[in-house]
Amino acid sequence: MIEITLPDGTIKEYSKGSTAMDVALSISEGLARNVISAKFNDTVVETVTPLNEDGSLILYTWNNPEGKKAFWHSTSHIVAQALEELYPGIKLTIGPAIDNGFYYDVDLPEGSISDKDFQAIEKKAIEIARGKHAFKMRAVSKADALAKYKSEGNEYKVELIENLEDGTITFCDHDSFTDLCRGGHIPNTGIVKAIKVLSVAGAYWRGDENKPQLTRVYGISFPKQKELTEYLELLEEAKKRDHRKLGKELELFTFSQKVGQGLPLWLPKGAALRERLEQFLKKAQKKAGYEMVVSPHIGQKELYVTSGHYEKYGADSFQPINTPKDGEEFLLKPMNCPHHCEIYNHRPFSYKELPKRYAEFGTVYRYEQSGELHGLTRVRGFTQDDAHIFCTPDQLDQEFKNVIDLSLYVLGSLGFENFTAQVSVRDLDKPEKYIGSLENWEKAENAIINAAKEKGLDFVIEKGEAAFYGPKLDFMVKDALGRSWQLGTIQVDYNLPERFDLTYKGSDNESHRPVMIHRAPFGSMERFIALLLEHTGGNFPLWLIPDQAIVLPVSEKNEKYAEKVLKSLENNEIRALLDNRNETVGKKIREAEMNKIPFMLIVGENDEAANTISVRRHGGEDLGAITIDNFANLVDTEINSTLKSF
Ligand SMILES: [Zn+2]
Ligand SMILES: [Zn+2]
């Protein structure tokens, strides 16, 4: 017999060789119907893998991320079979699951795959799926594995196998199809009811641009047709809200091949919006006791060798800048922290002067692969709303709570209501992985967990997810389309104070190490604005939106009055435009709608006579004719309802 420990802590006995499916069946038939994957002693197993020792078992259904992973990876096998049948001579390489679906990289003997081929691939794949073929793992010797793929002339699989150790190699069979695979499949193909090929793209073998270019086929699959339909609707909506599209339409930012890939250029409206966001945070930070600092965009290479960033970013990022002086090298800064450590080091501090909270909207540069670049979310130069807090270990608790308060204020003011927090702590079984004293780690982890509890956050604790230099808390924000984004990291750091030899004089008159907190509620201005664009679809909160109102004169006769209205709006600090083109009001309204302007102020003869404006909201709601003062009050009330005081 073997002892199986389930996630809730219950331990049950099973005969040796029982499978995850047997365990599921022993719990309930309903569970057994839904289990599609499992993890045994931290290793992904098939639901039919015989379990031969004691251990802990987690059963996964479609509703777990791990279950989806198995589901999508298994579908990649099905699609690979379809591709093999439709494109004789095709060479398969790798086909993993990704966050939303899967891909398979293939080398086509000739021609290409395009949108118009997707349907045929889907049809073939679903035909195969309907056969309800079981996925069966099979161990093979290295020699046999190599022989199979050499005879097929598949140099990619041969290369993969050459890097594997004999005795660890497995194939997965289903129907007439076999693939090199280390496992992690659903029980059979029949569970997959809907398959969609989403796109194709070029991808270099092993991500190396000196290696052959392959065709990457992206797809997704679901256990119900209805779920695919819903997903496609969501994709459609996401396309409409794509920040690259909206950024262009709303004239917020642009890119120039001449300036360089991944280097956004902010247009006047976008720059003003950024400025408003910065001012908003600066104001709150000032109240929270932060001090602004400024540091240069470059630093000596040695600075980043000291901080450890050179080791992390050096070889794969922008290369050092040389100067006329021999041996002198500067790097574009990949992080602001080293600079802030040196700011802290400018003079000795006593414990009475701590915490020091240095904030900077610091622009950093990292060389992302060109294939990884994406609008404003993956760029090569971006500005962090960075701050570093240097405090005593005893102050950590309060500082953490303060940072959470600030983060909640930021999220609330920008209309994010749906978020959770993730607390990343040590793996207690691997103390050698972490630097800093045990006592400090305990203090820091307790500080974070207490702060999260006290602030009423909905949070999960992830064991073993902490960085080697300290525990952290991340805010995970759900946007309007239900997608999760990681925002606002608060990270404790015991490493940099050590590396930069930071000290303060304690009440005992001895020298002590401060603790450092890194925090950035927005993360990066670029990524945050992208997220905000997609979350709001361009309908930013009223306090932030570039143009709050547009004045639309009904005819030329009302132009003078319209100008007067514009002036009064400006006096009331309302950002407004005037559309005095010789177009119909209907057309002007349509365009103002497209430009997501919250209020359209239509002025005709009656308004002029009564000294009013006829207010129409974005989306069509008619607020009738009101005075400018009343309108200004309305704007004020609405702004104050989202932008609470901190
Ligand atoms: Zn597989
Ligand atoms: Zn930092």
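The values are calculated or read from the model by the stated rules, or taken from the named source; none is laboratory data. A quick note: this is a predicted structure, and the numbers were derived from the prediction, not measured. As a convention, Cβ positions derive from the backbone with ideal geometry for all residues, glycine included, and neighbour counts pool all protein chains shown.
Worth a mention:
- Test result for Leu160, at pLDDT 95 or above, under 24 Å from Leu83 (Cα atoms), out of contact with any helix residue (DSSP H, G or I) (no Cβ under 7 Å at 6 or more places or on another chain) and in a strand (DSSP E or B): no
- Pairs linking a residue in the range 405-422 that is assigned to a helix (DSSP H, G or I) to a residue that is acidic (Asp, Glu) and modelled with pLDDT under 90, with Cβ atoms under 9 Å and 6 or more positions apart or on different chains, are Leu411/Glu417.
- Contact map, the range 257-280: residues that are free of Cβ contacts under 8 Å to residues at least 60 places away in the same chain and within 14 Å of Arg527 (Cα to Cα) paired with residues that are among the basic types (Lys, Arg) and surrounded by 17 or more Cβ atoms within 10 Å (Cβ to Cβ), Cβ distance under 8 Å, separation 6+ or inter-chain. Pairs shown: Trp266/Arg274.
- Condition check for Asn100: at pLDDT below 95, more than 16 Å from ligand 2 (Cβ to nearest atom) and closer than 30 Å to Ala38 by Cβ: yes
- Checklist (1) more than 15 Å from ligand 1 (Cβ to nearest atom); (2) under 21 Å from Val192 (Cα atoms); (3) surrounded by fewer than 20 Cβ atoms within 10 Å (Cβ to Cβ); (4) under 34 Å from the mean Cα position of the chain (by Cα) applied to Ile121, failing item: (3)
- Applying the condition of being among the polar types (S, T, N, Q) and within 14 Å of ligand 2 (Cβ to nearest atom) to the range 307-344 and asking which residue is modelled with the lowest pLDDT yields Ser307.
- Unique residue being assigned to a helix (DSSP H, G or I) and either closer than 21 Å to Gly247 by Cα or among the charged types (D, E, K, R) (or both) when the list is Leu532, Leu577, Leu566: Leu532
- Sub-8 Å Cβ pairs linking a first residue in the range 429-447 that is on the phi < 0 side of the Ramachandran plot and in contact (Cβ under 8 Å) with a residue 60 or more places away in the chain to a second residue that is in a loop (DSSP other than H, G, I, E, B) and surrounded by fewer than 19 Cβ atoms within 10 Å (Cβ to Cβ), at least 6 apart or interchain, are Ile435/Phe468, ordered by first then second residue.
- Residue in the range 100-111 that is among the polar types (S, T, N, Q), more than 19 Å from Ser151 (Cβ to Cβ), surrounded by fewer than 13 Cβ atoms within 10 Å (Cβ to Cβ) and within 31 Å of the chain's Cα centre (by Cα) present: no
- Looking across Gly456, Gly482, one residue alone is under 30 Å from Leu533 (Cα atoms), under 23 Å from the mean Cα position of the chain (by Cα) and loosely packed, with under 14 Cβ neighbours inside 10 Å. It is Gly482.
- Against the test of being modelled with pLDDT of 95 or more, farther than 13 Å from Gly219 by Cα and over 30 Å from the mean Cα position of the chain (by Cα), the options Ala38, Ala70, Ala82, Ala129 yield a single qualifying residue, Ala129.
- Restricting the range 80-101 to residues that are in contact (Cβ under 8 Å) with a residue 40 or more places away in the chain and of a type outside the set (A, V, I, L, M), the residue that is farthest from Ile113 (Cα to Cα) is Asn100.
- Across the range 501-520, not a single residue is classified as in contact with an Asp or Glu (Cβ under 7 Å, 6 or more places away or on another chain), at negative phi, assigned to a loop (DSSP other than H, G, I, E, B) and touching a residue at least 24 places away in the same chain (Cβ under 8 Å).
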